[in-house]
Amino acid sequence: MKSNKIIYVMGVSGVGKSTIGELLSQKLGIPYFDGDYYHSKANVDKMTAAIPLNDDDRQAWLETLNNLAKEQLKTNSCIIVCSALKQKYRVILNAGIDEPIHWVYLKGSYEQIKQRIEARDDHYMSSKLLASQFEILEEPKDCIAIDITLSPTEIVEKLKKQLTEKTEFGLFGLGVMGKSLARNLAQKGFSISVFNRHVAGIEENVAVNFKNEFEELSDSLAFDDLQSFVNSMERPRKIMLMVNAGKITDAVIGDLLPYLSEGDILIDGGNSNYRDTKERADYLKLKYIYFVGAGVSGGEEGALKGPSIMPGGELAAYKKVQPYLEAIAAKDKNDLPCCTYIGEEGSGHFVKMVHNGIEYVEMQLLGEIYSVLTAMGNNPDEIAAILESYKLTANSYLLEITEAIFRKKEGNDWLVNKIMDKAGNKGTGNWTTITTAELGIPSTLIASALFARYTSFYKEERIEAHSNFGSNIQPDLDIKAILDAYQFARIINHYQGFKLISEAGKAHNWNLNLSELARIWTNGCIIKSDLMVDLVEVLKESDNILTHSKIVELVKTLKPSANKVVSECVLAELPITSLSEALQFLNSYATANSSANIIQAQRDFFGAHTYQRIDDASGKFHHTNWK
């Protein structure tokens with residue numbers, strides 16, 4: 001999986017570039033080209049006459065060497081020797097090359113090099129030109145700098161070691177997800193560098209200890225020094241950040257920037273806010289650094305065995321990291337990677353945010369099913385058996401793990417009975433709810449699931465309220481009706497989620513493919529399900545799944561049970577915020593003539609906000625003096 005690469009050996013005349021280039025060629029087994037042989041006759045005549053070359057003289061020569069490099073890269077790596085004394089010369093030599101580029105800078109003193117030049121009699125370059133070369137020399141910052149006081153053999157051995165230890169991909173941050181992704185990359189055969197910060201007495205030798213723990217990481221490079229980590233990778237560097245969203249991400253980017261080079265790529269694999277991602281991409285673009293915001297779903301196990309990955313950013317940047325992301329992603333039923341280019345900057349983290357919003361609802365619905373089944377007198381083992389039966393027609397990853405949760409015991413009691421009923425959140429549900437309100441899209445289920453979590457945190461107040469208002473009425477329901485209501489609510493949840501993504505795509509001018517998005521959510525991610533598999537084909541026909549004939553008929557079949565379940569639970573005073581909101585939303589959505597005309601009349605009455613008339617096809621806005 002290694003890419004071909006270019007090794008430029010540079011320095012002033014007389015440092016031994018040709019000798020080192022030829023020896024290194026033999027040691028690495030790749031072709032070597034001496035840039036001096038590609039000078040025009042006019043340039044050679046000028047240098048023979050001890051006249052320094054100017055930038056115009058060098059332009060065509062540098063472009064020739066650049067074309068030579070591109071041609072060689074089609075079939076192999078190669079070494080090219082040339083002075084490349086100025087940064088702008090090196091920019092020309094690098095132009096249009098996506099493959100890794102390594103700069104070797106042979107460094108020596110003026111006197112030392114002058115003696116070498118005067119000792120040779122078979123070269124057109126005179127020692128008289130050496131001073132002019134030192135005058136224009138701009139030492140490269142991002143290079144392998146070698147002191148020429150070493151012998152040629154020592155220099156080549158040192159270069160071989162550094163060049164052959166360059167890795168393809170970097171992973172910054174070795175938390176749970178970072179470690180799993182690093183192992184996944186290594187298992188796929190990629191050479192990787194891993195980094196974790198050093199905090200005395202708290203986080204010491206994390207990367208080294210992690211490498212030593214797993215056999216697949218034996219060839220990886222481990223660091224707690226940032227500059228060494230960055231320099232260990234081939235250019236353009238591809239570094240995936242697995243750190244907490246927010247200020248920490250910005251701090252990490254700030255720490256990395258001094259060591260990065262033009263064309264390097266940072267991949268943010270955390271749960272960042274899509275607005276922050278867009279700002280970071282715009283900022284880094286000014287630094288000529290690519291930024292890819294990639295949503296990653298699947299948890300610890302998914303990250304190791306294959307997550308669903310949602311990358312957004314410049315397409316050119318994605319193309320360079322595509323082989324790595326697709327290799328570690330989960331595979332769909334057709335063995336295609338559950339990773340696809342989502343769209344422009346911010347889009348990857350946006351769809352991951354909505355993914356998490358859908359996830360909030362899926363989890364809340366299962367929690368409500370648990371409440372209903374418990375109120376009917378079922379214990380956790382019995383609930384697990386019921387959920388197992390649901391897998392025949394409504395299977396999903398969350399259903400499977402929830403069944404397993406109900407079967408887990410600690411001593412003589414079920415563990416779930418000992419878990420405090422306070423549900424936390426990390427912000428994505430909050431962001432989704434804010435975003436759907438800003439865009440004016442009724443993603444009501446995501447909001448209901450979020451507020452259910454917020455309500456759960458008032459444990460002490462809920463205990464007091466239960467003593468005042470609580471009841472223990474058993475609902476009169478059958479298992480099949482509950483399953484139907486659950487399936488009904490899930491369809492509405494997925495409609496709202498994909499509708500939010502569709503409308504956001506239009507608002508932000510993202511070119512989104514909803515069917516392809518559903519496809520990469522069929523495996524590896526938290527919301528994978530049989531329903532998602534069905535939606536891949538449904539969304540090929542329409543962005544609105546509630547207009548598809550198959551879904552329409554299914555909703556009609558399930559809705560009577562949803563009516564029954566919600567009605568019984570309301571009478572039994574059971575909290576089913578998302579189950580009931582799914583039903584209320586469809587009732588509202590399917591009302592051709594709603595009560596919104598009253599609201600608009602009220603707005604016009606007290607605020608002169610105007611209204612449109614159904615008997616005026618022009619769409620004109622009217623105002624009435626209501627008094």
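The values are calculated or read from the model by the stated rules, or taken from the named source; none is laboratory data. The model shown is predicted, which means the values in this text are computed figures rather than measured ones. Glycine also receives a Cβ, built like all others from the backbone with ideal geometry; neighbour counts cover every protein chain displayed.
Observations
- Residue count for segment 569-591, restricted to those that are more than 22 Å from LYS499 (Cβ to Cβ) and crowded, with 20+ Cβ neighbours inside 10 Å: 3
- Any chance GLU139 is within 29 Å of ALA329 (Cα to Cα), loosely packed, with under 14 Cβ neighbours inside 10 Å and not basic (Lys, Arg): no
- Test: SER594 is crowded, with 16+ Cβ neighbours inside 10 Å and either at pLDDT below 95 or part of a helix (DSSP H, G or I) (or both): no
Here's the yes/no breakdown for (1) outside any helix (DSSP H, G or I); (2) outside the structural domain of TYR495 (by TED's automatic domain parsing); (3) at negative phi:
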| position | (1), (2), (3) |
| --- | --- |
| GLN600 | no, yes, yes |
| ARG603 | no, yes, yes |
| ASP615 | yes, yes, yes |
| GLY619 | yes, yes, no |
| TRP626 | yes, yes, yes |
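- The numbered conditions (1) closer than 16 Å to LYS17 by Cα; (2) over 45 Å from the mean Cα position of the chain (by Cα); (3) crowded, with 17+ Cβ neighbours inside 10 Å are all true for LEU85 except (2).
- Checking THR522 against (1) closer than 22 Å to LEU387 by Cα; (2) hydroxyl-bearing (Ser, Thr, Tyr); (3) part of a helix (DSSP H, G or I), the condition it does not meet: (3)
- Among the residues of segment 263-276, not a single one is touching an Asp or Glu at 6+ places or on another chain (Cβ under 7 Å) and either within 30 Å of LEU159 (Cα to Cα) or crowded, with 16+ Cβ neighbours inside 10 Å (or both).
- Residue among LEU68, LEU93, LEU24 that alone is over 37 Å from the mean Cα position of the chain (by Cα) and surrounded by 13 or more Cβ atoms within 10 Å (Cβ to Cβ): LEU24
- Apart from one condition, ASN334 fits all of (1) within 28 Å of GLU99 (Cβ to Cβ); (2) part of a loop (DSSP other than H, G, I, E, B); the exception is (1).
- Test: PHE585 is assigned to a helix (DSSP H, G or I), among the aromatic types (Phe, Trp, Tyr) and either in contact with a Phe, Trp or Tyr (Cβ under 8 Å, 6 or more places away or on another chain) or under 30 Å from MET353 (Cα atoms) (or both): yes
- Against the list (1) outside any helix (DSSP H, G or I); (2) under 29 Å from the mean Cα position of the chain (by Cα); (3) loosely packed, with under 14 Cβ neighbours inside 10 Å, the condition GLY377 fails is (2).
- Restricting VAL243, VAL230 to those that are assigned to a loop (DSSP other than H, G, I, E, B), within 22 Å of THR277 (Cβ to Cβ) and modelled with pLDDT of 90 or more reduces the list to VAL243.
- Residue check, GLY427 crowded, with 23+ Cβ neighbours inside 10 Å, of a type in the set (Gly, Ala, Ser), within 23 Å of the chain's Cα centre (by Cα) and assigned by TED's automatic domain parsing to the domain that holds SER542: no
- Inspection of segment 201-216 identifies no residue that is in contact (Cβ under 8 Å) with a residue 60 or more places away in the chain, outside any loop (DSSP other than H, G, I, E, B) and either β-branched (Val, Ile, Thr) or surrounded by 13 or more Cβ atoms within 10 Å (Cβ to Cβ) (or both).
- Every condition in (1) buried (at least 17 other Cβ atoms within 10 Å of the Cβ); (2) at pLDDT 95 or above holds for GLU344 except the one numbered (2).
- Every pair of residues 6+ apart whose Cβ atoms lie under 9 Å, when the first sits in segment 18-29 and is farther than 11 Å from GLU157 by Cβ and assigned by TED's automatic domain parsing to the domain that holds LYS158 while the second is surrounded by fewer than 18 Cβ atoms within 10 Å (Cβ to Cβ) and charged (D, E, K, R): SER18/ASP34; GLY21/ASP34; GLU22/ASP34; LEU28/LYS160
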